Amino acid sequence: MPVNEVEVKMLAAIVLFLLFLYFWLRRSQKKNKLERQRKVRCKELILDNRLKLANSGVNFDRLVDLVKQKILPEQLEAVIGMLTAQPVFYNIDDSDDPESLEIDLDFESEPASSKKTATDLGEDEEKQPEVFEKMGEEREKKWMRVAHNSFLRAVHEKEITERQAKLRLLVKMIELGKKAVEGDSEKSVTRKEYELTLWDRFYEDEYLDLQSE
């Protein structure tokens, strides 16, 4: 039975529709995949910087709202950098001194490259101490265990049951611990840096435990 012209047109239309549907599905799948990757990357950025953000008093719900509003990971990274940056103080009290009122607002120049030259790396190596003061593995475990027990005791004494309240107490404990380290004049700079990293590791372990409750 011969195929008439109407049937040919209908078959062509069906083929075109199927092709359109195929490419539309592929495009949707790719778009959804990129969206998932964006959210995962943003989540990783927030978690990697959670201690700095918490110490800066940042509202995590606002950061989540930014992610929901399609912020890019690069943009979020810049936002986190601004939120956790150390404040810069300008001497603007002396109005007779023109230099005290100068603020650099050069929008045209490119930001300084983060890549170091061989000379810079060599200078950094020369500044490194010959001996790095740190505890052995067993003493580190004991330190972590003592800190963990102190945190649990504080939670018990304050009768805290909510996860967010425990997290706030943990952040406060980290702040006090770091202040004690930084204020100890008998410890060397390398020792202080090492103990600060211990406090960061302790926070990460306790944070993960709280999230798993």
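Judged by the gyration tensor of its Cα atoms, with axes a ≥ b ≥ c, the stretch 5-81 is prolate; a/c meets the 1.5 cut and a/b is the larger of a/b and b/c. For the pair Glu44 and Gln211, label points projected 7 Å from Cα toward Cβ lie 1.3 nm apart. Rounded to the nearest 20, the Cβ-based charge dipole of the stretch 146-213 about its Cα centre (Lys and Arg +1, Asp and Glu -1) stands at 160 debye. Here the 3J(HN,Hα) profile of the stretch 62-74, calculated from phi with Karplus coefficients 6.51, -1.76 and 1.60 at θ = phi - 60°, is 5, 5, 4, 5, 4, 5, 5, 8, 6, 5, 7, x, 5 Hz, Gly and Pro shown as x. In order along the stretch 166-180, phi translates into HN-Hα couplings of 5, 5, 5, 5, 4, 4, 5, 5, 5, 4, 5, x, 5, 5, 5 Hz, rounded to whole numbers, per the Karplus curve 6.51 cos²θ - 1.76 cosθ + 1.60 with θ = phi - 60° and x for Gly and Pro.
We did not get these values from a lab; they are worked out from the coordinates using the rules stated. Note that the structure is predicted; figures quoted are calculated from it, not measured. We place every Cβ from the backbone using ideal geometry, glycine too, and count neighbours over all the protein chains shown.
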